[in-house]
Structure formats: C-alpha cells, structure tokens
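Down below is the structure, laid out as structure tokens.
The values are calculated or read from the model by the stated rules, or taken from the named source; none is laboratory data. Since this is a predicted model, take the numbers as computed values, not measurements. FYI the Cβ positions are ideal-geometry reconstructions off the backbone, even for glycines, and counts take in every protein chain you see.
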Amino acid sequence: MTTLPPLPMIRPKLTALARQKLPCSSRKISKSQLIKEKDDIDHYLEVNFKGLSKEEVAAYRNSYKKNVCVDMLRDGYHKSFTELFALMEQWDALREAARVRSLFWPQKPLEDQPDKLDHFYHYLTRAEYAERKGSFEDVYNNLYALACYFNNSEDKWVRNHFYKRCFKIAQLIKIDSGKKEAEAHMHMGLLYEEDGQLLEAAEHYEAFHQLTQGRIWKDETGHFLNFLACESLLRTYRLLSDKMLENKEYKQAIKILIKASEIAKEGGDKKMEGEACYYLGLAHLAAEEYDLALTVLDTYCKISTDLGDDLSLGRAYEAIAKVLQSQGEMTEAIKYLEKVVKIARNNFQSLDFVRASTMLGDIYNQKGHYKKASECFQQAFDTALELMSMPLMDETEVHYGIAKAHQMMLTVNNYIESADLTSLNSLLSWKERRGDIESDPVTDLGVQVQFCYMDILCSSKVWAFSVVYLSSK
C-alpha cells in the first residue's frame, strides 16, 4: 500500500490563527505560570490589538488540539469530534501504559504534532460530510487517506482503526462491483496477518481472492488485485502450514499447501508457482511421503530451470538431496549436494554453501569416507569463519573435529592391531606429545594429522575434541 499524495490542508479560523504560534512547547508548565501567561496575553492583546474577537483571542490562548476540537464542533462535525476525541484518549492511554511498564514511548504527545491534527480535521470532516450526502465512496477514500498517512511503525494502531472503518463502509458501496470491498478485505487480511492471527487473515484474503477473480482491477501502483490476492493467500497458507508441521499435523498442512499450489497457478506467476511446489515438497518429506515429495520437487526444478533461476534451482536440489538421504540413496544425494555446492559457490551464497557442505560431510562420514568428510567440514568451517558467525563456527567446528578424529582413528587402530614395538612407540609418543601421529609405513591406511593447523584455525575446540575422542578409545 502506498501513501496518497498530500492534499492542501483547508484549516478553519481557529486552527489557522493557532498555527501562527507553533511550534508547540513540550515543556510542562505549572498552573500558576499558565494563569500568569494568560493574563500577560490578555494585557498584550488589549494594548496592541484592540478589536480582536474572542475567537482570535482563543486561538492564541488555547492549545492547538483544543482549537481543532472546537472548530469541529463549531462547524457541526460532531461525529468527527467524537471519533477524534476517542483516538486522542486511546493515544494518551497507550502513553500511560508504556510509562507504567517503564517502556520508552518514542512518540510525542498528539498536541505537539499539529500536522497529524490537521490531517484528522481535514479527512474526518470530509468523510462526515460525504456520509451525510450518502456518498460512501468518498467516505471510503477519505478514511483510506488517513490510513495511508498513518501507515508507519509507530502509528499502526491508528492505521488499523481506519482500516476497520474502511471495511465497514466498503460493504455499503454498490456502484463499483465490489472493488472497494475487495481492497478492504486485503487491508483487513494484512492487519490480522501482522497481528499473528493467521486464520482470520486467511478468511479475509480468501474473500479478497474471490472478489477479484476474473477482474482486471489494479491498485495505485499498477499491480493487479487478483495477483496480490493470490500472493497474499500463498504467504498466509505457508505460514499456517508451518505451524501445522510443527504440531505434526501433516495431512492438514499438505491439504492447505495443495490449495496454495492451485492458487499460485491461477496467479500466472511461474516463480510463485515454483515456491508453492517447494513448500509442498517439504511437507511431503516431513510426512515421509518420499515419492510424492520427489515428484513435486522435480516440478520445482523444471520451473526454476525454465526461469534461469540458479538460487531456486539450488534450493530444489538441496530438498531433493534430503529426500534421497531419507530413502537411503546416499550416492544420488551426494550428486545433488555437489550441484548445490557448485551453485552456491558461483553465486556467492555463503550460507547455502555452508549448509550443503555440512550435509555432504555428514553423508561421507556415515559412509566411512573420513578424508572427504574432513574436507567438506573444513570448507564449511572456513566459510563460517569468513562470515564471522559464531553459531555456524561452533557447529562446523564440532563436525570437523569428529571427522578428523575418525580420520585419525584408522591409523591408531592399525597401530593397535599391529601390536609391534614400532607401533607401540608411535602411540606412546603421540600420547605424550599430542602432536603429529605418523602414518603406518606398511599399510599406508593412516593419515598424518597436523595439529598445529588447528591452532591456525583460531580454536582449540576441534583439537581438544579429537584428542578426547581418541583418548577414550
């Protein structure tokens, strides 16, 4: 949603006069000081501006907020005054609640924000006037303009108030075939989505989608409303499915993602359709429906290839590798993961590179290919080190240490099985120095490990883990 261009503010007499004494002071003034200042003002006006009306005196004497309220009542906009007064009370209540909880409230008091008060007066009174004439479309436009104006992080509660007002008014508009009602459903869906109420958001987005089917309506930015409806529904269904998968409600998650996939196809956007296939494939994987997962993910691969989207293709390959790994097809999984590593390296996707390298290392470790596992974990650790990500560094360090220990274990076990004097001396030497361990000169099964290299990697955890692991054998 974009903010509408500001309209020139038409100010009534009191607020126009009061504007001349802005900006308002934020300092607290005692009652005695206020009385003194009012007396001074009266005396000054009497001496210098004889003939001023009471309204002009009030404009200088009262706060800007009070002048706005008085103008509303004087001009006959009682509904606007009631709504503004309720909003101001809520504004003060939020400030007081933040103060009680010792929270920092960044907003200034409303009386110190004359521009916002001007917008309230301008659009609320225009909306009330339009309502008296029965022009509900104009009512909607003015309330929506206020929602756009307050569409920022600190005023979202005001925006939401006018979204709700727009929703009620939109249902009274009968001359636009339901376009305003569709937009209102979109805004209400966004309101609930931001608040985490996904089921309520989905209901509004579904109504939004239904109203825009077969229509070529566009929003202010030129986007088709039906496409926005499909996009919003897809996003909400995915968030709902995530919660269902967390609760192991696999059938419900798959059902809602199939619905999302159908809506994505209707939207006519291939990238959006591919995203829907990706999440559906992951849901089938979680439900251990591996064949269905592979079928859906293969569709995602084809879409990504047609679009020339390497990053999406990498995600598809990674998901397929997880399915194959779950099926025990390790050789095929390795092929796909090697493709992921290549794509991530070529596109400088460091996190994807770390994740794929770690998965590769795990598979090699399980297969007993400890040297390859060490190489994969090492490149994952080196990349995490470049990213300066402590959680990733800690995780890849442990993986790397285990792989190194397994790699060393081949040599250690061979020495133990040989049971000759040379092997015994090599083991005793390693136990004393915890340094290099020489490989078996006969079988050449061992791997010479340089422990000083571990210090270069800025951590003793890998080395310590390897030593403890081997010492326990």
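Per the conditions (1) surrounded by 18 or more Cβ atoms within 10 Å (Cβ to Cβ); (2) assigned by TED's automatic domain parsing to the domain that holds Asp291, the sole criterion not satisfied by Lys342 is (1). Tell me whether segment 111-127 contains one or more residues that are within 23 Å of the chain's Cα centre (by Cα) and either touching a residue at least 24 places away in the same chain (Cβ under 8 Å) or not assigned by TED's automatic domain parsing to the domain that holds Glu220 (or both). There is no residue in segment 111-127 that is within 23 Å of the chain's Cα centre (by Cα) and either touching a residue at least 24 places away in the same chain (Cβ under 8 Å) or not assigned by TED's automatic domain parsing to the domain that holds Glu220 (or both). Of the residues screened, Thr383 is one that is in contact (Cβ under 8 Å) with a residue 12 or more places away in the chain, closer than 19 Å to Asp352 by Cβ and in the same structural domain as Arg355 (by TED's automatic domain parsing).
Just one of the listed residues (Tyr129, Tyr121, Tyr144) is under 25 Å from Lys179 (Cβ atoms) and crowded, with 22+ Cβ neighbours inside 10 Å, and it is Tyr144.
For segment 329-381, the tally of residues that are more than 29 Å from Gly308 (Cβ to Cβ) and polar (S, T, N, Q) stands at 4.
The single condition from (1) under 25 Å from Ala207 (Cβ atoms); (2) at pLDDT 95 or above that Leu124 fails is (1). Please indicate, with yes or no, whether at least one residue in segment 254-262 is more than 23 Å from Thr212 (Cβ to Cβ) and touching a Leu at 6+ places or on another chain (Cβ under 8 Å). Within segment 254-262 (the criterion being more than 23 Å from Thr212 (Cβ to Cβ) and touching a Leu at 6+ places or on another chain (Cβ under 8 Å)), the answer is yes, since at least one residue qualifies. Take Glu275 and tell me if it is more than 30 Å from Met244 (Cβ to Cβ) and not small (Gly, Ala, Ser). So Glu275 fails the test. Only residues that are in a helix (DSSP H, G or I) and over 23 Å from Trp157 (Cβ atoms) were counted across segment 187-237, and they come to 16. Restricting segment 212-254 to residues that are among the hydrophobic types (A, V, I, L, M, F, W, C) and in contact with a Ser or Thr (Cβ under 6 Å, 6 or more places away or on another chain) leaves a set whose member that is surrounded by the fewest Cβ atoms within 10 Å (Cβ to Cβ) is Leu225. Residue under question is Thr299, and the condition is that it be assigned to a helix (DSSP H, G or I), within 28 Å of Gln213 (Cα to Cα), touching a residue at least 40 places away in the same chain (Cβ under 8 Å) and outside the structural domain of Ser357 (by TED's automatic domain parsing); does it hold? For Thr299, the condition - assigned to a helix (DSSP H, G or I), within 28 Å of Gln213 (Cα to Cα), touching a residue at least 40 places away in the same chain (Cβ under 8 Å) and outside the structural domain of Ser357 (by TED's automatic domain parsing) - is not met. Quickly run through segment 302-322 and pick out the residues that are within 18 Å of Gly268 (Cβ to Cβ) and either surrounded by fewer than 23 Cβ atoms within 10 Å (Cβ to Cβ) or free of Cβ contacts under 8 Å to residues at least 12 places away in the same chain (or both). Those that are within 18 Å of Gly268 (Cβ to Cβ) and either surrounded by fewer than 23 Cβ atoms within 10 Å (Cβ to Cβ) or free of Cβ contacts under 8 Å to residues at least 12 places away in the same chain (or both): Lys302, Ile303, Asp306, Leu307, Asp309, Ser312.
So that you can scan it fast, the table gives a plain yes or no per residue for (1) assigned by TED's automatic domain parsing to the domain that holds Leu234; (2) under 25 Å from the mean Cα position of the chain (by Cα):
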residue	(1), (2)
Gln252	yes, yes
Ile263	yes, yes
Ser304	no, yes
Val323	no, no
Ala356	no, yes
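Of the residues making up segment 145-157, those that are touching a residue at least 40 places away in the same chain (Cβ under 8 Å) and not in a loop (DSSP other than H, G, I, E, B) are Ala145, Ala147, Cys148, Tyr149, Trp157. Return the residue satisfying two criteria in turn: it lies in segment 273-295 and is assigned to a loop (DSSP other than H, G, I, E, B) and either among the charged types (D, E, K, R) or at positive phi (or both), and of such residues it is surrounded by the fewest Cβ atoms within 10 Å (Cβ to Cβ). Restricting to residues being assigned to a loop (DSSP other than H, G, I, E, B) and either among the charged types (D, E, K, R) or at positive phi (or both), the top hit is Glu288.
On inspection, Ala147 fails the criterion of being hydrophobic (A, V, I, L, M, F, W, C) and either more than 26 Å from the chain's Cα centre (by Cα) or under 25 Å from Gly267 (Cβ atoms) (or both).
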